[in-house]
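Everything on this sheet refers to the single structure shown next.
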Amino acid sequence: MRRLGLLIVGLALLLAGCSGFSAQGANEPVTPAPIPTDEVPYPPGVSERAIEPNVLARSHEGALRTTSYTLTTRQYIVDADGEILRRTNRSRQVATNATSYRGYFSQNTTKYPSAGLTTRVDYWTNGTVVATRHQERTGRQSLHMWLAENGDPMTDLTAHQRIEAVLGAVNVTVTRHESDGDVVLAGSEFVDRERLIRPLFVSHPTNVSVQLRVRSDGTVVAKRVGYDATLGSHDVRVVRETRVTDEGTTTIDRPAWVANATLSTEE
């Protein structure tokens, strides 16, 4: 059981951190559009006067719990010369009510401190067992499997905790209503920068830019966070983008590599 606990903690630490689909345009300012009228409905926790981070985050989580979906996140940490110091990609496919899910985390680093040996972690669970595959830079890989009751590889499947954190860190307001009924929220001013979840070793965030696209049921279908920061001796720009897609059509197949994983019987 102790070894399984360490595996779960290690995976959780590896999956922690912050991601963006493109490092381009990281410094582009947010340009507000005309404020919508009161006649247009708002998502839960959203109004012209204020945003309630916990209400919107819970609505996002609740809406996704009733359907299958794919959540994809990418993050870039870029130095002043435009060099990407670290690039991370995350993707997971989740069944309705999170009865099963699978996903991966991968990273590519150049001058990032403590890059580590692991370049990718794949995970899968059917609600009964959990399996993970760790791949290292050397080409070596290790497989692990344990009972789901002994720990989940993911604790925030919908990323609602990050939504609540960024809305608590940055003052965002409604900037426009889209023709499909979505609401766009944006902000560029910290109100509590300590609430911002940052990558390891990144400090002193400034010049923040946040944009979220929210459906009427509260689902945050797209989120982009960018800010300047310090990484050791480097001045960097961190960009993280997350998207929700394939709602209701996502399928969770058992990966082929799971067949080679052996269920641990350690207590």
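The values are calculated or read from the model by the stated rules, or taken from the named source; none is laboratory data. These figures come from a predicted structure and were not determined experimentally. Using ideal geometry, Cβ is built from the backbone for each residue, glycine included, and neighbour counts are taken over all protein chains shown. All accessible areas refer to the heavy atoms of the entire protein, side chains included, with ligands and DNA or RNA removed. Shrake-Rupley method; radii C 1.70, N 1.55, O 1.52, S 1.80 Å.
Quick notes
- Summing Lys and Arg as +1 and Asp and Glu as -1 over all other residues whose Cβ lies under 13 Å from the Cβ of residue 140 gives a net charge of +2.
- Carbon/sulfur fraction of accessible area - the stretch 38-86, other protein chains in place, 1.4 Å, %: 44
- With both labels modelled 7 Å from their Cα along Cα-to-Cβ, the residue 193 to residue 161 distance reads 2.4 nm.
- Alpha-carbon centroid distance for the pair the stretch 200-267 / the stretch 130-157, whole angstrom: 18
- Here the stretch 204-267 has 45 percent of its accessible surface on carbon and sulfur atoms, given a 1.4 Å probe and all protein chains in place.
- Accessible surface, per residue, of the stretch 146-251 when the full set of protein chains is kept, probe 1.4 Å, Å²: 43
- Placing pseudo-labels 7 Å out from each Cα toward the beta carbon at residue 251 and residue 89 gives an inter-label distance of 2.2 nm.
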